[in-house]
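Remarks on the structure that follows.
The values are calculated or read from the model by the stated rules, or taken from the named source; none is laboratory data. Source: prediction; values computed, not measured. No Cβ is skipped: glycine too gets one built from the backbone with ideal geometry, and neighbour counts run over all protein chains shown. Ligands, DNA and RNA are stripped out before the accessible areas are found, and what is left, the full protein with its side chains, is counted by its heavy atoms. Shrake-Rupley method; radii C 1.70, N 1.55, O 1.52, S 1.80 Å.
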Amino acid sequence: MKKFYLLFMPLALIAGGCSDDNDGPDEPATVTITFEDCTFATGKTNNIGANDNGSLAEYESSDAIFFGQDYYTQLAGAFVSSRHKVSKAGNGTPTDCSVATESETPGANSSDKYCYFAWHKYTSGTKGVLPEFKFKDGQERTMVSMMVMNSTQMQQYMQYGFYSQPGLDENQYVSIIATGYDVDGNVTASTEFVIGDRRGGVEKYLTDWTKVDLSMLGSVARIEFSIDSHGWSIPTGLVWSFCADDITFAAPDEQ
């Protein structure tokens, strides 16, 4: 399995529900999932409970499926959200389904919506709901990139800690790993991006939408996300999360 590492690189892409990008005569056409066309129930800021049983969330765009489950407020999987809030020092409960920004528009490139990926010890570990997205059965897409940023929850945990549980100490860092799988379930490759970093006397947290190159994953049927805290104990030990937007891959006829 190939593994790649990526640090912070703030960039910008586009907005919309899902768009076909015209990359010019010498570049292949791409499709970008922007989550803008996901509808929320009246008064809601996310798609949790959009299905009949009131706890599931499922969003489809360009043959990609994003599924999440709220099991007694224990979130896991993928949700579409429009919430945004900046963490502050103190012991307030971290906000679920929220991106760590004070901007008027929470999504990448001034858009209103984004994807919130979450792992929970019970909902993921026992019920098997993972932070991932997949393409419909038998389909693969050649990945290009996505935009990422911290959730309010992880920003709180890393920068300030949670009650008696500390945030990142000097020389500690946290990264998210994106792993691609083909239609047969084989790993294609993985790439890693840092969301919090206190190495080398600096303190950096991913608080701007940042472009991550996914081209090394190749053609995938599914991308699963995992975390590497590199020895740091995540407060509560139960949950972690991050946010993504503008997921881009080659158009089907360009593969």
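Checking every one of the chymotrypsin sites (Phe, Trp or Tyr not before Pro) in region 23-104 against DSSP loop status and a limit of 12 other Cβ atoms within 10 Å picks out Y72. Rounded to whole Å, the principal axis extents of the Cα atoms in region 71-167 read 48, 37, 21, largest first. Summed over the residues of the chain and divided among them, the accessible surface reaches 44 Å² per residue at a probe radius of 1.4 Å.
The distance separating the Cα centre of region 208-231 from that of region 55-120 comes to 17 Å. The helix-based estimate of mean residue ellipticity at 222 nm for the chain, built from -39,500 (n - 2.57) per DSSP H run of four or more residues and divided by its residue count, is -1000 deg cm²/dmol to the nearest 500. Once the C-beta distance of D253 and D213 is scaled by a Förster radius of 25 Å, the resulting FRET efficiency is 0.65 to the nearest 0.05.
For region 42-92, the percent of C-alpha pairs falling in each 5 Å distance bin, counted from 0 to the bin holding the largest distance, reads 5, 17, 23, 22, 16, 10, 5, 2, 0. Measuring nothing but how far apart in sequence close Cα pairs (under 8 Å, 6+ apart) lie, relative to its length, the chain scores a relative contact order of 26 percent. Here the relative contact order of region 183-241, from alpha carbon pairs under 8 Å that lie six or more residues apart, stands at 34 percent. In region 164-225, inverting the average of 1/r over every pair of distinct C-alpha atoms gives 13.4 Å as the Kirkwood radius. Between K121 and Y72, the distance separating the two model label sites (each 7 Å from Cα on the Cα→Cβ line) works out to 1.4 nm.
Could you size up the charge dipole of the chain around its Cα centre, putting +1 on the beta carbon of Lys and Arg and -1 on that of Asp and Glu, and report it in debye to the nearest 20?
1120
Computed over the alpha carbons of the chain, Rg followed by Dmax gives 17.3, 57 Å. Ignoring ligands, DNA and RNA, what percent of the accessible area of region 58-202 is carbon or sulfur (1.4 Å)? Reported share for carbon and sulfur atoms: 42 percent.
Take the Cα atoms of region 105-255, build their convex hull, and give its volume per residue in Å³. Spell out each step's value before the answer.
On the way: hull volume 19.6 nm³, N = 151.
Spelled out: Cα convex hull of region 105-255, divided by residues, is 130 Å³.
Which links in K113/K211; K85/K121; K113/K134; K85/K113; K127/K211; K44/K85 stretch past 21 Å when you go from one Cα to the other? Long pairs (Cα-Cα over 21 Å): K85/K121; K127/K211.
Could you rank T42, T210 by how accessible they are, 1.4 Å probe, largest area first? Mind showing how you got there, number by number?
Values: T42 145, T210 5 Å².
Final ranking, largest accessible area leading: T42, T210.
The P(r) of region 111-174 has a tail past 17 Å containing 64 percent of all C-alpha pairs. With contacts taken as Cα pairs under 8 Å at a separation of at least 6 residues, region 48-100 carries a relative contact order of 23 percent.
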